[in-house]
Every structure is written in C-alpha cells, then in structure tokens.
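S.K.: To start, I am sharing the structure in question, which I have written as structure tokens.
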Amino acid sequence: MGIDPGLTRCGVGVVDGTVGRPLTMVHVGVYRTPADLDIARRLHRLEQMVEAGVLEHRPDVVAVERVFSQNNVRTVMGTAQASGVAMLVAARHGIPVHLHTPSEVKASVTGSGRADKAQVTQMVTRLLRLTEAPKPADAADALAIAICHIWRGGAQNRLELAVAAAARATPTRSPR
C-alpha cells in the first residue's frame, strides 16, 4: 500500500506485484478531510479512513512518501501529521512501514528523480496498464510510491536483513 500523505487529500494506492513481473493495481483512491474542520478531528477522520483501507486490503507493507521541507511550514506540518497517522495505523496492525523520498519515487517509476507530476502519472498509467490516468495527482502519486517500494523496497529489506544477520553472527568482545 502506497500513501501520499496529505491532510486535505491523502492518496492511497494498492499495487500487487514483484520485481520482474507485471504489476497490478488493486485499489486507488484519495481520502479527503474538510479544511474547515478542527485539526484533531481531521486527523481522526483520516485515521479512520486509513484503518478501513488497511482492513479491506490487508497490505504486506505500507510505503509512505517521506515528508520533505517546503517553503510553507503549515503545509509541511499537515503532511507530516498525515504521514504519522498512516504509520501509526500500519504499526497497530503489525505492518512494516517504509519511507521513500519524492526523488526516489520519481526515479523509480520514470528513471529521473526530477520528473514532473505529468511524467510520473504517465508512467504509472503505463506500468499498471491502465486505460486512463489515475486522478487526482495524489492518487497517481500513491500508486507510484507503491511501485517504488515493490521495486526498491525488496532490495532494501534484503540488505537490512543481511546487515542484521552479520551483526548477530559477529561475536562481541568483552571489555578487558
């Protein structure tokens, strides 16, 4: 499950597949909260929607776009809060969470970390063999995050497991 966090619009995309095999879109959508609602209630509504999505789709992993600093601190705060909600829901269900930077996601699906939204949407549409582009952009971005994790996350997971196994196999020296 890929999540493009946002307080007003939170994109959610569920993709099935493995490296080297065709990908399949299982679900795509956008969770919305009204801007005129108090922030705590917006976060609660978002938590309920993400929870329902996790219960419905039972993902193996939740991949969330890593929040990066923009000029608008208010936007960054809402995005970070939405990201935290998604990570909390996944953790509650024992689902691993992985973060991917916007550049990493763009590079993964288009070959360029500087691709624009139109290029990302076009490649997501092509990679998932969709008849039309997912809209709005938040939906396409969530699918791109899920694709990125399928293609890159597996290698990252294997590397982390290998490092952890090596650390366990290395005997620790006692201080003299």
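The values are calculated or read from the model by the stated rules, or taken from the named source; none is laboratory data. A quick note: this is a predicted structure, and the numbers were derived from the prediction, not measured. Reconstructed Cβ throughout: ideal geometry from the backbone, glycine too, with neighbour counts over all protein chains shown. Ligands, DNA and RNA are excluded from the accessible area calculation, which covers all protein heavy atoms including side chains. Shrake-Rupley method; radii C 1.70, N 1.55, O 1.52, S 1.80 Å.
S.K.: Residue by residue through the range 18-36, note down the ones that are open to solvent by 30 Å² or more (accessible area, probe 1.4 Å), touching a strand residue (DSSP E or B) at 6+ places or on another chain (Cβ under 7 Å) and not basic (Lys, Arg).
M.R.: Hits for the range 18-36 are THR24, MET25, VAL26, HIS27, VAL28, VAL30, TYR31.
S.K.: Sort out which residues of the range 109-136 are in a helix (DSSP H, G or I), surrounded by 18 or more Cβ atoms within 10 Å (Cβ to Cβ) and free of Cβ contacts under 8 Å to residues at least 60 places away in the same chain, and write them in order of number.
M.R.: Once the filter is applied, which keeps residues that are in a helix (DSSP H, G or I), surrounded by 18 or more Cβ atoms within 10 Å (Cβ to Cβ) and free of Cβ contacts under 8 Å to residues at least 60 places away in the same chain, the range 109-136 yields VAL109, THR110, VAL120, THR121, MET123, VAL124.
S.K.: Of all residues in the range 85-101 being under 10 Å from the mean Cα position of the chain (by Cα) and assigned to a helix (DSSP H, G or I), which is surrounded by the fewest Cβ atoms within 10 Å (Cβ to Cβ)? Reasoning before the result, please.
M.R.: At the first step, the residues of the range 85-101 found to be under 10 Å from the mean Cα position of the chain (by Cα) are 86-87, 97-101.
Add one more test, that the residue is assigned to a helix (DSSP H, G or I), and what stays is 86-87.
On the way: ALA86: 26, MET87: 19.
Filtering the range 85-101 for residues that are under 10 Å from the mean Cα position of the chain (by Cα) and assigned to a helix (DSSP H, G or I), the one surrounded by the fewest Cβ atoms within 10 Å (Cβ to Cβ) comes out as MET87.
S.K.: Additional query: Looking at the range 43-84 only, could you name the residues that are open to solvent by less than 20 Å² (accessible area, probe 1.4 Å) and touching a Leu at 6+ places or on another chain (Cβ under 6 Å)?
M.R.: The answer is VAL64, GLY78, ALA82.
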